[in-house]
Amino acid sequence: MKLIVIGCGRVGSNVAKELEAEGWDVTAVDEREEALARLGENWPGSFIVGHGMDVDVLRRAGIEEADAVVVATDGDNTNLVVGQVAQKRFAIECVVVRVLDPARAGYYRSRGLRTVCPTSTAIEVLTEAVRACEVPAREVAG
């Protein structure tokens with residue numbers, strides 16, 4: 001299985017490493033060559049320096065043979081555009097896009113783009129953690 005990960009920060013690099021360890025053929029793409037360091041010294045996959053919105057960069061990364069694309073740059077706009085290009089122009093069925101804005105994540109999800117919103121996840125987890133606390137009742141001064 002061939003995976004392209006666009007954005008090699010904390011999230012993208014860890015997705016790339018985990019799936020590579022499971023046997024995926026992974027190519028990571030990032031604008032900054034220094035991002036390769038996040039993958040480790042013995043990274044067996046490929047690494048392309050370039051912007052994920054550049055179709056030539058996507059082609060060099062092997063998007064025409066890709067089975068899946070993960071888009072996890074630090075910008076929602078970039079992620080959404082690259083995700084739609086992968087899905088619509090290159091007909092990749094498994095495109096997963098990180099979107100920090102919950103409203104935008106929901107909007108694009110409703111239109112068929114697979115989105116992951118860490119902000120929504122954090123809200124849910126934090127709210128449930130507070131609900132799980134045993135908070136002592138306070139006496140009302142009267």
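From the list Thr119, Thr115, the one residue that fits, being under 22 Å from Asp30 (Cα atoms) and open to solvent by less than 70 Å² (accessible area, probe 1.4 Å), is Thr115.
Taking the criterion of being part of a helix (DSSP H, G or I) and either more than 16 Å from the chain's Cα centre (by Cα) or within 19 Å of Arg89 (Cα to Cα) (or both), the residues of segment 39-73 that qualify are Val55, Asp56, Val57, Leu58, Arg59, Arg60, Ile63, Glu64, Glu65. Put simply, of Gly52, Gly9, Gly40, Gly23 the only residue that is at positive phi and either touching a helix residue (DSSP H, G or I) at 6+ places or on another chain (Cβ under 8 Å) or charged (D, E, K, R) (or both) is Gly40. Scanning segment 77-104 for residues that are surrounded by 15 or more Cβ atoms within 10 Å (Cβ to Cβ), assigned to a helix (DSSP H, G or I) and not charged (D, E, K, R) yields Thr78, Asn79, Leu80, Val81, Val82, Gly83, Gln84, Val85, Ala86, Gln87, Pro102. Ala28: of a type in the set (Gly, Ala, Ser) and more than 21 Å from Met1 (Cβ to Cβ), yes or no? Here the answer is no, as Ala28 does not meet what is asked.
The values are calculated or read from the model by the stated rules, or taken from the named source; none is laboratory data. Just so it is clear, the structure is predicted and the values come from calculations on it, not from any experiment. Cβ: placed from backbone, ideal geometry, glycine included. Neighbour counts: every protein chain shown. Quick note on the areas: whole protein, heavy atoms, side chains included, nothing else; ligands and nucleic acids left out. Shrake-Rupley method; radii C 1.70, N 1.55, O 1.52, S 1.80 Å.
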